[in-house]
Amino acid sequence: MIHQEQKITISDLETHLNLEQTKNQDERQQKIHLSQLAICGYKYRYELDNNKKMMFSWKFLRGNAIESLIWWAMRDIKDNSYIHNSRIEISDNISGSPDFVSHKTKHIIELKSSKSDKYKDIYERQLKAYMFFYSMLKNKNYTGSLWMYNTIKDTLYSIGEYESLSDSDIKIIKNSIESFTDNEYKDGIENSLCDFCINNHCKMNKNNKNKKENDK
């Protein structure tokens with residue numbers, strides 16, 4: 001009897017990719033990641049404390065693939081000073097990796113793949129957190145660009161250019177970090193993801209049973 005090797009299936013592929021994504025998330029949880037901390041420290045603390053992880057999604061792979069292709073193209077434009085996913089160490093347990101950064105031009109680019117800029121506020125928070133900490137650690141002013149690949153229109157364009165940070169920007173960054181360390185809501189950390197947040201201890205969460213009392 002001739003032994004026949006089993007052909008690979010889509011199910012095999014999805015299982016493997018799911019395991020890879022889980023492995024990547026486990027590695028990210030070894031340190032506090034700045035991009036998540038910048039969005040909402042209270043939400044992030046809840047997710048880590050309760051071991052909440054994202055399910056596998058082809059959209060995530062598509063975004064990564066587009067990001068990699070853009071980086072290869074950027075290497076041939078003007079200069080090759082941009083670094084892809086360069087790691088920045090904020091402290092012993094906080095790190096981050098912006099999509100593209102050039103220390104030569106002191107410029108950071110965050111690339112998002114989405115159907116719209118509906119969640120622009122959280123994208124801005126991630127980029128501005130990188131601007132803040134790079135400027136502080138390098139003692140130089142870093143500027144930022146927010147790029148959007150629109151998956152419906154199939155176009156790439158800028159949805160924000162930032163030369164500096166306002167006092168309000170810096171306050172939100174600090175409040176988000178404090179909300180993580182204190183494990184409680186801080187003024188101004190609410191954002192466009194609040195309606196989907198699973199942290200029902202937060203007074204901004206629509207599923208919080210005590211929300212009406214907190215709002216009084």
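The values are calculated or read from the model by the stated rules, or taken from the named source; none is laboratory data. The structure displayed is predicted, hence computed values, not measured ones. Ideal geometry is used to build each Cβ from the backbone, glycine not excepted, and the neighbour counts take in all protein chains shown. Remember, those area values only see protein heavy atoms, side chains included, never the ligands or the DNA or RNA. Shrake-Rupley method; radii C 1.70, N 1.55, O 1.52, S 1.80 Å.
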Exercise for review: Please work out the Kirkwood hydrodynamic radius for segment 37-161, using every pair of different C-alpha atoms, and report it in angstroms with one decimal place.
Suggested key: 15.7
Revision key, fill the gap. Per DSSP loop assignment and a cutoff of at most 15 other beta carbons within 10 Å, the chain keeps its longest run without exposed GluC sites (Glu not before Pro) at 6-162
Exercise for review: Report the trypsin sites (Lys or Arg not before Pro) located in segment 143-208 that are in a DSSP loop and have at most 12 other Cβ atoms inside 10 Å of their Cβ, or state none.
Suggested key: 153, 206
Point to revise | For residue 195, solvent-accessible area (1.4 Å; no DNA, RNA or ligand), Å² | key: 90
Review point. Which of the aspartates and glutamates could be linked to residue 120 by a straight reach, that is with a Cα gap under 20 Å, when you skip same-chain ones fewer than 8 residues away?
Key: 67, 99, 110, 154, 161, 163, 167, 169, 187, 190, 195
Check your understanding: Given segment 30-183, what percent of its DSSP beta bridges are antiparallel, to the nearest 5?
Key -> 60
Review point. So what does log10 I(q)/I(0) come out to for segment 54-117 at q = 0.16, 0.26 Å⁻¹, using the Debye formula with one equal point on every Cα and no solvent?
Key: -0.65, -1.15
Point to revise | Antiparallel content of DSSP bridges confined to segment 102-216, in %, to 5 | key: 50
**Study point:** Rg to Rh, two decimals, where segment 97-216 supplies the alpha carbon set and Rh follows Kirkwood
**Key:** 1.03
Check your understanding: Å³ per residue of the Cα convex hull, for the chain?
Key -> 182
Exercise for review: Ignoring everything but the protein chains, give the 1.4 Å probe accessible area of residue 117 in square angstrom, nearest 10.
Suggested key: 70
